[in-house]
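Novice: My structure is below; once you've seen it, I'll send some questions.
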Amino acid sequence: MREMEAEIILECDDTKYAEAITKAVAPDNFKSISLSISTSNEGNKVVTYIKCKRKIPTLIATIDDLLSCVSTTEKSLQALMKTM
């Protein structure tokens, strides 16, 4: 089976926001023979690299899970910022 790759770049308003999102999704960083996920921040950007040797539904589900986690993190950060 062919290896598929995805690079997801999310641009944030500032570096601290990007760092918070990166830390929140860092537990999802994973490496195995057939799937690899790596997220880091580069300035105000959250960059995720995904390599997948499984079927396309696995890659799609992995991207969906990542974006769901990012969305939850953003909602939590926005709620926290309102209380400050």
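No lab work stands behind these numbers, since they all come straight from the coordinates. Everything numeric here is computed off the predicted structure, so don't read it as measured data. Every residue, glycine among them, receives a Cβ derived from its backbone with ideal geometry; neighbour counts consider all protein chains shown.
Novice: Quick one: order Arg54, Arg2 by neighbouring beta-carbon count within 10 Å, fewest to most. Could the numbers behind the result be given before it?
Specialist: Values: Arg54 15, Arg2 5.
Fewest to most other Cβ atoms nearby, the residues stand as Arg2, Arg54.
Novice: Can you give me the C-alpha center-to-center distance between the stretch 17-49 and the stretch 60-76, rounded to a whole angstrom?
Specialist: 11
Novice: Relative contact order (percent) for the chain, with alpha-carbon contacts under 8 angstrom and 6 or more residues of separation?
Specialist: On the way: 119 pairs, mean separation 27.2, N = 84.
Relative CO of the chain lands at 32 percent.
Novice: Find the lysine pairs in the stretch 1-62 meeting two conditions, Cα atoms under 13 Å apart and a separation of 8 or more places or different chains, and report how many there are. Please report the intermediate quantities before stating the final value.
Specialist: Values: Lys16/Lys45; Lys23/Lys45; Lys31/Lys51; Lys31/Lys53.
Close lysine pairs found across the stretch 1-62: 4.
Novice: What is the fewest-to-most order of Cys12, Cys69, Cys52 by other Cβ atoms lying within 10 Å of their Cβ? Numbers along the way, then the final one.
Specialist: Working: Cys12 19, Cys69 16, Cys52 22.
Sorted ascending by nearby Cβ count, the order is Cys69, Cys12, Cys52.
Novice: Fewest Cβ neighbours within 10 Å first, please rank Glu74, Glu3 accordingly. Present the calculation step by step, with values, prior to reporting the outcome.
Specialist: Numbers: Glu74 16, Glu3 10.
So the residues, fewest neighbours to most, are Glu3, Glu74.
Novice: With +1 on each Lys and Arg Cβ and -1 on each Asp and Glu Cβ, and nothing else charged, work out how big the dipole of the chain is about its Cα centre, in Debye to the nearest 20. Intermediate results must be reported in sequence, preceding the final value.
Specialist: Numbers: 11 positive and 12 negative charges, 71 e Å.
Computed about the Cα centre, the dipole is about 340 debye.
Novice: I've got another one for you. How big is the antiparallel share of DSSP beta bridges in the chain, given as a percent to the nearest 5? Write down the numbers at each step before the final one.
Specialist: On the way: 18 of 18 bridges.
Counting DSSP beta bridges with both partners in the chain, the antiparallel share is about 100 percent.
Novice: While we're looking at this one, here's another question. What does the helix-only formula give at 222 nm for the chain: each DSSP H stretch with n ≥ 4 adding -39500 (n - 2.57), the total divided by the residues, and the result rounded to the nearest 500 deg cm²/dmol?
Specialist: Numbers: 2 runs with 39 residues, N = 84.
Computed ellipticity for the chain at 222 nm equals -16000 deg cm²/dmol.
Novice: Label Cys69 and Glu19 with points 7 Å out from Cα along Cα→Cβ: what is the distance between them in nm?
Specialist: My value for the distance between the label points is 2.0 nm.
Novice: Averaging over all projection directions, find the projected area of the Cα convex hull of the stretch 1-82 and quote it in nm² with one decimal place.
Specialist: Averaged projected hull area, Cα only: 5.1 nm².
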